[in-house]
Amino acid sequence: MNLIAAVDEKWAIGNKNELLVRIPGDMKQFREHTTGKVVVLGRKTLETFPGGQPLKNRTNIILSKDPKYQVKDAVVVHSLEELLETLKAYPSEDVFIIGGESVYRQLLPYCDTAYITKIDRAYEADAFLPNIEKEGFILTGESEEQSYFDITYTFLRYEKK
């Protein structure tokens, strides 16, 4: 299983239920990795998407504790156990965890690859990805430094030891 996230210097991923920053190159990388694949996300993350709608050209699996919660064109599961059972129908390498914080924390132990856009800046934030370097992941790939206006960032690939 994979996870994909854009993080700042302190592993922050969001503030007030919004991304820290929108970088076109990061969005393109996200689309390239996840199109045609399975994305796993929480209800609050889904609500940040345009119109609160699932991502197109992907199988969207939404984790919500609310047993009545339903989403058109998405699979909704209500527990970690139900999610793991549902994911057995898909190749592990095609599954991408895309947030938010609680979903990343619950599923990090099941992930073996992480695609991280590391932004060279610290933002005001209230949501974080655990520092995967302290969670048994090692850096196995790194892009050249990229820039978008005054923001510099790097695409990193980590794999679990």
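Under 11 Å from the Cβ of residue 109, count the other residues' Cβ atoms, weight Lys and Arg +1, Asp and Glu -1, and hand me the total.
Details: positive: 105, 160; negative: 112, 135.
Taking every Cβ under 11 Å from that of residue 109, the sum is 0.
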>> Please report the accessible area of residue 137 (heavy atoms, 1.4 Å probe, ligands and nucleic acids excluded) in Å², nearest 10.
In response: 10
> Which ³J(HN,Hα) values in Hz, rounded to whole numbers, follow from the phi angles of region 62-77 under the Karplus curve 6.51 cos²θ - 1.76 cosθ + 1.60, where θ = phi - 60° and Gly and Pro get x?
Replying inline: 9, 9, 9, 6, 6, x, 8, 5, 9, 9, 4, 6, 9, 9, 10, 10
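On a 1.4 Å probe surface of the protein chains, which of 81, 135 comes out largest in accessible area, and what is the full order?
Details: 81 130, 135 90 Å².
Ranked list, largest accessible area first: 81, 135.
Which value, in Å², gives the accessible area per residue of region 56-100 when a 1.4 Å probe is used on the protein heavy atoms? Each step should come with its number before you reach the end.
Working: 2670 Å² over 45 residues.
Per residue, region 56-100 has 59 Å² of solvent-accessible surface.
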> How large is ³J(HN,Hα), in whole Hz, for each residue of region 138-147 in order, when computed from phi with the Karplus curve 6.51 cos²θ - 1.76 cosθ + 1.60 and θ = phi - 60°, using x for Gly and Pro?
Replying inline: 10, 5, 10, x, 8, 7, 5, 5, 10, 9
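Over region 1-57, what relative contact order in percent results from Cα pairs under 8 Å that are six or more residues apart? Could you put the intermediate results ahead of the total?
Numbers: 22 pairs, mean separation 14.9, N = 57.
Once divided by the residue count of region 1-57, the mean separation gives 26 percent.
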>> Leaving ligands and nucleic acids out of the surface, order 68, 118, 44 by accessible area at 1.4 Å, largest first.
In response: 68, 44, 118
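Quick check of the Kirkwood formula: for region 37-161, what is the inverse mean of 1/r over all pairs of different Cα atoms, in Å? Kindly include the intermediate steps, with their values, before the conclusion.
Values: mean 1/r = 0.0628 Å⁻¹.
Hydrodynamic radius (Kirkwood, Cα only) of region 37-161 equals 15.9 Å.
At a 1.4 Å probe, what is the % contribution of carbon and sulfur to the accessible area of region 1-85?
On the way: 2380 of 4620 Å².
Carbon and sulfur together cover 52 percent of it.
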> Which percentage, to the nearest 5, of the DSSP beta bridges contained in the chain is antiparallel?
Replying inline: 50
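So which of 16/37; 28/68; 10/134; 37/134; 28/65 end up more than 24 Å apart, counting from Cα to Cα?
Details: 16/37 28 Å; 28/68 34 Å; 10/134 13 Å; 37/134 28 Å; 28/65 31 Å.
Distance filter (> 24 Å) returns 16/37; 28/68; 37/134; 28/65.
Under the Kirkwood approximation for Rh and a Cα-based Rg, what ratio Rg/Rh is obtained for region 76-137?
On the way: Rg = 13.3 Å, Rh = 13.4 Å.
Ratio of gyration radius to Kirkwood radius: 0.99.
Under the definition of Cα pairs under 8 Å and six or more residues apart, what whole-number percent is the relative contact order of region 49-126? The partial results should precede the final answer.
Working: 41 pairs, mean separation 13.6, N = 78.
Here the relative contact order equals 17 percent.
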>> Between 0 and 90 degrees, rounded to the nearest ten: what's the tilt of helix 24-34 against the longest Cα principal axis of the chain?
In response: 40
> Amide H of residue 99: which non-local residues (sequence gap of 5 or more, or other chain) have their own amide H closer than 5 Å, using H built in the peptide plane?
Replying inline: 42, 104
> If ligands, DNA and RNA are left out, what is the accessible area of residue 76 with a 1.4 Å probe, given in Å² to the nearest 10?
Replying inline: 20
>> Checking the cross-link filter: which aspartates and glutamates have an alpha carbon closer than 17 Å to that of residue 72, excluding same-chain neighbours under 8 positions apart?
In response: 47
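The values are calculated or read from the model by the stated rules, or taken from the named source; none is laboratory data. The model shown is predicted, which means the values in this text are computed figures rather than measured ones. Here the Cβ is made from the backbone with ideal geometry for all residues, glycine too, and neighbour counts use every protein chain on show. The area values use the complete protein model at the heavy-atom level, side chains included, leaving out ligands, DNA and RNA. Shrake-Rupley method; radii C 1.70, N 1.55, O 1.52, S 1.80 Å.
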